[in-house]
Amino acid sequence: MRSPKAFTLPEVLIVIGILAILAVIVILAVDPVARFENARDARRLSDTQAMTSALHQYVIDHKGVFPDGLDATERQIGTARSGCALTTRQCAVQGDQDCLDLTSALTPYLHGIPSDPKNGNDGLTHYSVRVGPDNALLVEACDLSE
């Protein structure tokens, strides 16, 4: 009897089936949705740190004076003039016109005002800012995953 020199069709199909099952198991184990959420949250935290640092530098350069419009009222950062009300677990921007354009104030310190990677844009960034107790600057990412 001669030994076969090639795989038969049923053998090839069985191997392909096993590889497909393993691929599905790996994809489900990795959970790509959670990975994307984690990546967006990491970017949000990086953005808030960058804006906080830029605001601190602005205050230092202007001898303790905050940018115009920055006070204890929580405002959404962006170029929009209305539509800024935003209530999430992290933010409570109450007024429809509680917008704050920090573009000109922060241009020397940032290449551009960041916006939320999923929901933000230049007009409504989905980041908020306010002056907290003891004149602490509070920049928050409004859409952090739970």
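The values are calculated or read from the model by the stated rules, or taken from the named source; none is laboratory data. Because the structure is a prediction, the values reported are computed rather than measured. We place every Cβ from the backbone using ideal geometry, glycine too, and count neighbours over all the protein chains shown. Side chains are part of the model used for accessible areas, which takes the heavy atoms of the whole protein and leaves out ligands, DNA and RNA. Shrake-Rupley method; radii C 1.70, N 1.55, O 1.52, S 1.80 Å.
For segment 73-112, the equivalent ellipsoid built from the Cα gyration tensor has semi-axes of 21, 11, 7 Å, listed from largest to smallest.
Among the protein heavy atoms of the chain, carbon and sulfur supply 59% of the accessible surface, probe 1.4 Å, non-protein parts ignored.
Rounded to the nearest 20 debye, the dipole magnitude of the chain is 820 debye, with +1 charges on Lys and Arg beta carbons, -1 on Asp and Glu beta carbons, and the Cα centre as origin. Each residue of segment 89-95 was assigned a 3J(HN,Hα) from its phi angle through the Karplus curve 6.51 cos²θ - 1.76 cosθ + 1.60 (θ = phi - 60°); the sequence is 4, 9, 10, 9, 7, 7, x Hz, with glycine and proline shown as x. Here the 3J(HN,Hα) profile of segment 124-135, calculated from phi with Karplus coefficients 6.51, -1.76 and 1.60 at θ = phi - 60°, is 10, 7, 6, 10, 10, 8, 6, 9, x, x, 6, 6 Hz, Gly and Pro shown as x. In a fully extended conformation the segment linking F7 and L28 would gain 4.5 nm over its present Cα-Cα distance, using 0.36 nm per residue.
Projecting the Cα atoms of G112, G83, V65 onto the charge dipole of the chain (Cβ charges, centred on the Cα centre) puts G112 farthest toward the positive pole. Note on segment 1-104: Cα-Cα pairs beyond 16 Å make up 75% of the total pair count.
The residues of the chain expose, per residue, 66 Å² of accessible area to a 1.4 Å probe. If I fit a long axis through the Cα atoms of helix 9-30 and take the longest principal axis of the Cα atoms of the chain, what angle between them do I get, 0 to 90°, rounded to 10? Around 20 degrees separate the two axes. Our summary gives segment 89-146 a relative contact order of 33 percent, counting only alpha carbon pairs under 8 angstrom and 6 or more residues apart. Under the criterion of Cα pairs below 8 Å and six or more residues apart, the relative contact order for the chain equals 24 percent.
Listed values for segment 78-84 are Karplus-derived 3J(HN,Hα) couplings in whole Hz (6.51 cos²θ - 1.76 cosθ + 1.60, θ = phi - 60°), namely x, 8, 5, 9, 8, x, 8, and x replaces Gly and Pro.
Can you grab the distance from the C-alpha centre of segment 80-146 to the C-alpha centre of segment 2-48, Å, no decimals? Here the two parts' Cα centres lie 38 Å apart.
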